[in-house]
Every structure is written in structure tokens, then in C-alpha cells.
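Read the figures in this text as sums done on the coordinates, not as results from a lab. Quick caveat, the model's predicted, so the values are computed rather than measured. Here the Cβ positions follow ideal geometry from the backbone for every residue, glycine too, while neighbour counts run over all protein chains shown.
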Protein chains: 2
Amino acid sequence: MTKPRPSFYSKIEQLPALVFVLKWLLLSLIVGVLAGSASAFFLVSLNWVTDWRESHPWIIGCLPVGGFIVGAAYHYWGQDVVKGNNQLIEEFHSPKQIIPLKMAPLVLFGTLVTHFFGGSAGREGTAVQMGGAIADQFSRLFKLSPADRRIILIIGISAGFASVFGTPLAGAVFALEVLIVGRMRYEALLPSLLTALIADYTCHAWNVSHTHYAIPYVPPLHADTLVYSLLAGILFGLTAMAFSKTVHFWGIFFKDRISYAPLRPVVGGIVIALAVWGIGTTKYIGLGVPTIVASFQEPLPAYDFLLKLLFTTFTLGAGFKGGEVTPLFFIGAALGNALALFIPLPMALLAGMGFVAVFSGATNTPIACTLMGIELFGADCGVFVGLACVVAYLFSGHSGIYGSQITENAKH
Amino acid sequence: MTKPRPSFYSKIEQLPALVFVLKWLLLSLIVGVLAGSASAFFLVSLNWVTDWRESHPWIIGCLPVGGFIVGAAYHYWGQDVVKGNNQLIEEFHSPKQIIPLKMAPLVLFGTLVTHFFGGSAGREGTAVQMGGAIADQFSRLFKLSPADRRIILIIGISAGFASVFGTPLAGAVFALEVLIVGRMRYEALLPSLLTALIADYTCHAWNVSHTHYAIPYVPPLHADTLVYSLLAGILFGLTAMAFSKTVHFWGIFFKDRISYAPLRPVVGGIVIALAVWGIGTTKYIGLGVPTIVASFQEPLPAYDFLLKLLFTTFTLGAGFKGGEVTPLFFIGAALGNALALFIPLPMALLAGMGFVAVFSGATNTPIACTLMGIELFGADCGVFVGLACVVAYLFSGHSGIYGSQITENAKH
């Protein structure tokens, strides 16, 4: 009520808003179509590579060769893009140079090789890095201001994330939330959302669809189901912390012992190939989508989540490429599935809660993950998914998988 | 990857998190049950008052008397709580004194009198002020630190909002988003969510239910539906700005002309009573829930939104009490309904988009409003609702209905 009377100037403050919308509609269209198409190509290739490996499992024996290819590619041509997602985050906070475009083909190639030969990894890192690298080229082309360049990096991340998972709202918020925990750049909200929608649309236009998961029954929230959800959230958070710390651990482990970088994934590949041969299943390598789907439907071995955690952290720590997120989905969904043994919530609900909550804990993005749960499983489970994501965020410690992330406030 | 090895200390960082959760579980339980019960009592009384007025429309002729009662109550006993929602926001930013508990009964009484005699107002302000005033008493009782007191104010707002609308996720995020646009206090995320859930549960436990709205058909997002959504979002944003500016305008109009505060709602009451008599309908006074429901179902007069805007801003500017949000729902839903005349999107979808988007523009809370749309209408419309809320936020100018709100970044 202390505001001055409406001035004439304030009446035309919509004009710059309109210019802003038109400008970012154009840039979102360009970035969204390109990043969405890149995601589509990546998803199709990834499917092909996964199918080929599953029908020719002997290829896993060549994983050390794959490791050398990936390691050498990054060692000789990719020193300036090897930091991946962290590099995008660092460029956002302290801009130094345009992200080299080669980040996109290198991460695409590295991820496909990793999956082809049987490493355990994800895909969001790949999509996000392709999106970010593609988007940032327009910073130079259009001579964007530093403020606009920050938005460009955000929409690149948003486009990659939204299109690779088919979750535009989560992608739009993820790109804002992941950079500084607790401080969203609201001026980037519309560009981020527009690009997410256009990238997701583009990916679908290429006839690439995403896996569907169903939570058939969601109980009402009562005192007991609330406490069970808190308990599950704590366990999801601790698992997320274990994942982040184990990735760091293996990374340092390999760096300390093997100074020639391309040799690390060779040694790592030998160990993984032997482990797959010893266990006698390919369940824990690749993306693991069949197991994620199964964890909504039938009881799984309680140790599934732990083995996937070990395989993935070892794969990534050894220097293979790919994202962390689909394995985090696997770990969370399989853990949720196992928790149904002693937490009296429906198994599919626990799997869904774990799916997004372990991811939330590892990346410190509880709101994006809640939205993702709603987009993937429907609004009914929103409250349970939200509780799990927020509690997992709180219990996952202060270091997530993105070391360059800045935290605005303490978690508690 | 530049992180140090996991230290032993970092392994016990979960202990303070556990203490934090238990502490806020207790405080959330107390505040949630009390604020949820207050909301339940308020909603039941409001129903009774509304039904009585609708079956005895002559009472509207006494609106000037009601105006004097409200005006005098605040003039003689409520000078220190008259700023309402803004007072909660100001206390959060620059703490001066515990919110007087009398804010709760005064705003409850003022709102019920306003609705009983036929003013046009809402209910979220009432619920939020009751929640905030109740919650803040525990700051003194438990001798909370300044940091904890900020969380207490947040959970009071969250509890009131979540329980009065039956939307816990939106309530939890609204309380964080409304205080500083662009800077959420993530340490308050869990307390805010817990209190929202408990308050909402408590309100339902008192057998108070909320109105349901349905959007039967949501089209796929294509280039055309995207552009229509942007266009609708712009109009929702401009309407939100018109609402905020008109409330300010009437407030200053009355203050400039009538120095004795209790006389302002008397004069305002005379004008409103005459206007209702002249128009011959009670459609534009009170909450207007029947018209909100109708706007999802059948074509309404295109001027409905404009009349509701005038009635509400005039009612509040004259010094009557109540919230702004349900009238904002009315204005948005009725405008969406009217837009269906020339924007080729389904009428119910446009009504739902307007419902939350005008609110988003007026309060600068696009993420909470998107969540609210999903909680009220289902996840299918999430993308359309999200677009409308973000664009309306962008086009609603820099002054919303909460003058004390701080904006972290420019909108664009």
C-alpha cells in the first residue's frame, strides 16, 4: 500500500517484456530444435547399441578396448571438455570461454562406446552437454551479452534434460535449480520452459518415445504413511550421498594409481568385464531400463541397488562417459522396491519415490525432481514424491555429484 | 572431481539433519494442526455466512454498517495488524516484533463480516494471516533463534495457504516463493512441506472439503497451441497487473478523500450495495465460487472478469477484509472462459490456465501456481498451466498485490 500511484512509464513496461519473449522464442526455437534432434539421435543410437550388446554379449569382453578408445579420445582431443556437466556449471558462474562445440560429438561418441561395450552409465550428462555445447555456439554467433549468455547455458541444459527424459517441466526447473541451490534465475524461467517444450516436442517429432512407468495405487496421506515416507526419504538421501562419495572415491582412486589417463578405463573395463562374467548377468550394466520398469511391477533382489551403485560409480570413476541419472533412477527404484519388504507402502509407490528422490539427493534439485515424479507418474503421487525428494535432498550431505554446484544456504 | 576425499566428519553430517527433521516435525505438527483447524473453522463459517446472505439478499443493503464494523475494529484495536499479508512479509525481511495473536481473530472476524454483508473478497489472506499469527506465537514460547523464526513465519503462511485451498504442494512452495522472488530458502523446504501436509490433513479431518474443478480435454502441445498459450498468458498477466494497480488506486483514492478510516468502508459499502442493486445480481460479490465452477463448464458473459475485478478492488481498497486470491481465480477463470471466444483452445483449459495464471501474475509466484494447477486439475494440463503462469508473471509488471515483496532479479 506504500507504492506510488501507477506512473505512465510503468504502463509501457510490457514492451520490453514483449521484445524479451520474441527474442527468446526465436533462440529457444533454434536451441530446442537442435538439442531435441541431438537427443533423438542419441536415444535412437543408444537403443541400437544396447540391443546389439544384449544380443552379442561377448562384446563385453572387449570393454577394455572401448575404455581405451574413450580414454584416448578425451586425452588427446577432449582435455578442454572433459569436465562435462561441471564445466557448464562453472562457465555459468565464472565465464571464461565459449563451450567448445566438440563437447557434443565427444560426449555422444564416448557415451555410445561406453554403452556398446557394456559400461554402466546414464544419458542425462550426454544430453545436457550436447544441449549446452550447441546452445553456447549462439552466444558467439549472436554476440550475446554476459547476462544473455547465462540464459543460453540454462536453456541448453533445459533442452537436453527435457528431451532425453520427456519431462519438460522438470527440465525447465532442473536447469535453474542445479546451478545455484536456493537461487533460481527467474528471468530465465520462460526461456528455459520454452526451450524444454520445444526440445521435447522435437524429440517426439522424430518418433522417439520415452518409457512409461505406472503407480497403480497411491494410499491417502496419514500419520503412518507420512512417517514411512520420511523414513524412505532418509534412506534415499543416504544412498544418494553414498553414490556421490563413491563416484568421487573411484575417480581419485584411479587418478592416484594410473597417471596415463587412457589406461584408467582400460583397467576399469577389465574389472567390469570380469565382474559381469563372474555374476553372469548384464542386468547391472548399460542403462538398466528393464530393471527400472520391473521395480514398479515385481519384487527384485534387495541387493540390486547396491550392485548398480558399484558398477556405475566404478564405470564413471574409471573414466567412461555417460550420465549418472538413469543409474540413479535404477538405484532409487530398486531400493524403493526392496524397501517394500519392511516399509508398508505400495511397492510401485516406493519405487517411484526412490526413482526421483535418489536423483534429487545426488543433484540437490528437489523441486525439479518432484515435478519429474508428477510428470512421469501422475499428480496423485505428488505429495509422496515431494516428501521423498525434499527429505533425500536434506540427508544427502553437502556434496552432490556436481562438484561445481554452488549452495546458497545451508541445507538445514 | 576436485572435492577432497570423504572425511570422517562428513559422515556424521546426517545427525544434525535428523535433529532438524525431528524438531520441525514437532513444530509443523503444532502449527499445522492449529492453522489447519483455524482454516477449517473459517471455511465452515464462510460457507454459512455466504449461504445466509444468498438466501437473505436484503442484508446487502446493510453493507455500509458492516463496513463500519470492520473499519472500526481495525481502527481501534487493529492498527498494529492492519497491514495483513505485507506485515508477515516485512517481519520476515526485517524482524521487529512477534506478530500479535489478535491478527488471527481480527482478520477472521473482518472477513466473515465482509462476506456476510456482501463485499467481494477472498480467503487466502485470512488463512495466511491466521496461520502466520498462530505460528509466530511459538517463536516466543520456544525462544526460537532469528533463523528459526523466519522458518516459523514461512510455515505459518504455508499452513494457511495449503489448508484453505487443499493444495499442499502449492502451499509449501508459495510460502517460499512469495517472500523473495527468485530466492527460495531451501532450508525451509521440509518444514514448509510438512506443515502444509499436516494443515491440509487437519482441515480434511474436520470434514471440510474443497471444490473440484475438471478440465476434461487437454490438446497436445503444437506450434499453434504454444502460441495461443503465450497469447493467453500475456492477457492473464496484463489483467493481473490491472488488478494490482486498481487495488492500489482505490486504496489511495479512499485514503486521500476520507481521513477517518472507519468511514471509508461505509462509503464503499454504500456504493457496492447500490451497484449490486443496480446490476440485479449477487454474482460479483462474495467469493464467487459458483461462477468459477461455471467457467469450466459453459460460456459466460465476457465482461464477468472485469466486473469482478472492479467489485473486488473497490471492496478491498475501501478497507473491507479478506484475501485477493479467490477473486483472482474468478477473474482468471472468467477471462479464460471469455478468451475461448477467439483463442482456439478448449474453454475449460483456458479457464484453468487463467485461474492460476492471473494469481501467478498478481503474486509473482509462477512455480507455486503451476503446482497448484497440477494439484487442482491434474498433471495433463501441467505444460499449459506452466506456460500461462510463467508468461503472466512476466507481463504483470513489477508491482504485485504484495507491496512488501522483494524481487531478487528483474523479471527479464
Checklist entry - Nm distances between the label at B:LYS102 and the same-position labels in the remaining copies, 7 Å along Cα→Cβ, shortest first? => result 7.4
Checklist entry - Per the protein assembly as shown: cysteines with no other Cys C-beta under 4.7 angstrom? => result A:CYS62, A:CYS203, A:CYS381, B:CYS62, B:CYS203, B:CYS381
Checklist entry - Rounded to two decimals, what is Rg over Rh for the stretch B:18-205 when you use alpha-carbon atoms and the Kirkwood radius? => result 1.00
Checklist entry - Among all the lysines, which ones have a C-alpha under 17 Å from B:LYS411's C-alpha, if same-chain residues fewer than 8 places away are not counted? => result A:LYS11, A:LYS23
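Of all the stretches in chain B, which is the longest one without any exposed loop site, taking trypsin sites (Lys or Arg not before Pro) in a DSSP loop (any state but H, G, I, E, B) with at most 10 other Cβ atoms within 10 Å? Working shown, then result.
Working: sites that count: B:LYS96, B:LYS143.
Answer - B:144-412.
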Next on the checklist: Along each principal axis of its Cα atoms, how long is the protein assembly as shown end to end? Whole angstroms, biggest number first, please.
Outcome noted: 88, 53, 43
Checklist entry - In nm, to one decimal, how far is the modelled label at A:GLN97 from the one at A:SER209, with both set 7 Å along Cα→Cβ? => result 4.4 nm
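With a/c under 1.5 counting as rounded, go ahead and sort chain A into rounded, prolate or oblate using the C-alpha gyration tensor (a ≥ b ≥ c being the square roots of the eigenvalues; past the cut-off, prolate if a/b is larger than b/c, else oblate).
The shape class here is oblate.
Given a Förster radius of 60 Å and the C-beta distance between B:PHE249 and A:TYR303 as r, what FRET efficiency does 1/(1 + (r/R0)^6) yield to the nearest 0.05?
Values: r = 67 Å, r/R0 = 1.11.
Approximately 0.35, to the nearest 0.05.
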Checklist entry - Using a cut-off of 20 Å between alpha-carbon atoms, which aspartates and glutamates can reach A:LYS96, once sequence neighbours fewer than 8 places away in the same chain are excluded? => result A:ASP80, A:ASP136, A:ASP148
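With +1 on the Cβ of every Lys and Arg and -1 on the Cβ of every Asp and Glu, and nothing else charged, how large is the dipole of the protein assembly as shown about its Cα centre, in debye rounded to the nearest 20? Walk me through the intermediate numbers first.
Details: 46 positive and 40 negative charges, 365 e Å.
Roughly 1760 debye for the protein assembly as shown.
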Checklist entry - What are the lysines whose alpha-carbon lies under 21 Å from the alpha-carbon of B:LYS255, with same-chain residues fewer than 8 places away excluded? => result A:LYS3, B:LYS83, B:LYS245, B:LYS321
Next on the checklist: Whole angstrom only: what separates the Cα centroid of the stretch B:149-172 from the Cα centroid of the stretch A:289-319?
Outcome noted: 37 Å
Checklist entry - Once the dipole of the protein assembly as shown is set up with Lys and Arg at +1 and Asp and Glu at -1 on Cβ about the Cα centre, which of A:HIS204, B:VAL128, B:THR281 lies farthest towards its positive end? => result B:VAL128
Checklist entry - In debye, nearest 20: dipole of the stretch A:223-407 around its Cα centre with unit charges on the Cβ of K, R (+) and D, E (-)? => result 660 debye
Next on the checklist: I need B:MET103, A:MET353 ordered by Cβ neighbour count within 10 Å, fewest first.
Outcome noted: B:MET103, A:MET353
Next on the checklist: Using only the Cα atoms of the stretch A:12-72, what are the Rg and Dmax in Å?
Outcome noted: 21.4, 67
Checklist outcome for this item: In the stretch A:46-113, taking the dipole from +1 charges on Lys and Arg beta carbons and -1 charges on Asp and Glu beta carbons about the Cα centre, the listed residue (A:LEU63, A:PHE92, A:HIS75) farthest towards the positive end is A:HIS75
Checklist entry - Going through the DSSP H helices of chain B, which span 27 Å or more along their own axis at the Cα atoms while scoring at least 0.5 as a mean Kyte-Doolittle hydropathy? => result B:14-55, B:146-165, B:223-257
Checklist entry - Placing +1 at every Lys and Arg Cβ and -1 at every Asp and Glu Cβ, with all other atoms neutral, what dipole size does the stretch A:170-271 have around its Cα centre, in debye to the nearest 20? => result 440 debye
Checklist outcome for this item: For the pair B:ILE406 and A:ASP256, the simple spin-label estimate (label points 7 Å beyond Cα toward Cβ) gives in nm 4.4 nm
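Can you give me the Rg/Rh ratio for the stretch A:161-283, using Cα atoms for both radii and the Kirkwood formula for Rh?
Values: Rg = 20.7 Å, Rh = 19.2 Å.
Taking Rg over the Kirkwood Rh, I get 1.08.
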Checklist entry - Can you give me the pair-distance distribution of the stretch A:280-391, C-alpha pairs, 5 Å bins, whole percents? => result 2, 14, 24, 25, 19, 11, 4, 1, 0
